[in-house]
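The values are calculated or read from the model by the stated rules, or taken from the named source; none is laboratory data. Because the structure is predicted, anything quoted here is derived from the model rather than measured. Because the Cβ atoms are built from the backbone with ideal geometry, glycine has one as well, and the counts that use them run over all protein chains shown. What goes into the accessible areas is simple: the full protein's heavy atoms, side chains included, and nothing from ligands, DNA or RNA. Shrake-Rupley method; radii C 1.70, N 1.55, O 1.52, S 1.80 Å.
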Amino acid sequence: MDKSKFSDELPDELYPKLNNEQIARLSQVGLRRSVPAGEILFDQGTIGRHFYVVVQGAIEAVLPSSQGEVHMRLHQPGDFTGELDMLSGRPSLVRARTVDPTEVVELDPVSLRNLVQTDPELGEFLLRVFIRRRVAMISRAMGDVVLIGSRSSADTLRLKEFLAHNGHPFTY
């Protein structure tokens with residue numbers, strides 16, 4: 001596997017590792033399972049996707065585009081998937097698939113929301129990371145919308161404001 005193509009130089013605050021105690025707490029409410037290499041865990045546009053913690057193996061997150069896939073992150077043991085769309089019910093902006101045979105802890109959306117509400121330490125940790133990841137996607141214009149229009153057009157400005165107000169990453 002060529003790891004050089006992944007953007008793993010992103011700051012630790014976007015991709016902090018879970019410790020063994022946190023993974024054990026997530027395992028109590030989630031399903032621990034083995035996933036074969038190459039399985040798509042969720043795709044761009046998936047609503048109600050699951051949350052994954054990598055126990056062993058690797059998951060790659062990619063942003064599908066007209067030029068192919070933009071590799072965003074290689075999640076390794078202790079890493080987890082997700083950003084705000086998991087809690088808000090919005091469609092996923094990325095695709096995630098296993099690179100190697102991978103063992104994960106999987107939580108469905110209801111279990112994840114319950115965990116965030118009932119485990120203050122872990123809930124605050126996940127929310128903080130999810131928010132940072134969404135902000136990073138917005139600041140890097142890593143979304144599934146390309147807005148084309150004149151800078152002097154009132155309609156273009158309204159669309160830009162709508163997307164920004166709703167926290168949806170876009171390219172202009």
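Checked against (1) small (Gly, Ala, Ser); (2) surrounded by fewer than 18 Cβ atoms within 10 Å (Cβ to Cβ); (3) under 16 Å from Ala61 (Cα atoms), Ser88 passes all but a single condition, namely (3). Does segment 96-114 hold any residues that are of a type outside the set (Asp, Glu) and open to solvent by 10 Å² or more (accessible area, probe 1.4 Å), and which are they? The answer is Arg97, Val99, Pro101, Pro109, Val110, Ser111, Arg113, Asn114. Just one of the listed residues (Leu122, Leu93, Leu126) is open to solvent by less than 50 Å² (accessible area, probe 1.4 Å), touching a Gly at 6+ places or on another chain (Cβ under 9 Å) and under 17 Å from Gln28 (Cβ atoms), and it is Leu126. Among the residues of segment 93-123, just one is hydroxyl-bearing (Ser, Thr, Tyr) and in contact with a helix residue (DSSP H, G or I) (Cβ under 6 Å, 6 or more places away or on another chain), namely Ser111. In segment 12-25, of all residues being outside any helix (DSSP H, G or I) and charged (D, E, K, R), the one that is surrounded by the most Cβ atoms within 10 Å (Cβ to Cβ) corresponds to Lys17. Inspect all residues belonging to segment 65-80 and state whether any of them is under 27 Å from Glu21 (Cβ atoms) and modelled with pLDDT under 85. For segment 65-80, residues under 27 Å from Glu21 (Cβ atoms) and modelled with pLDDT under 85: absent.
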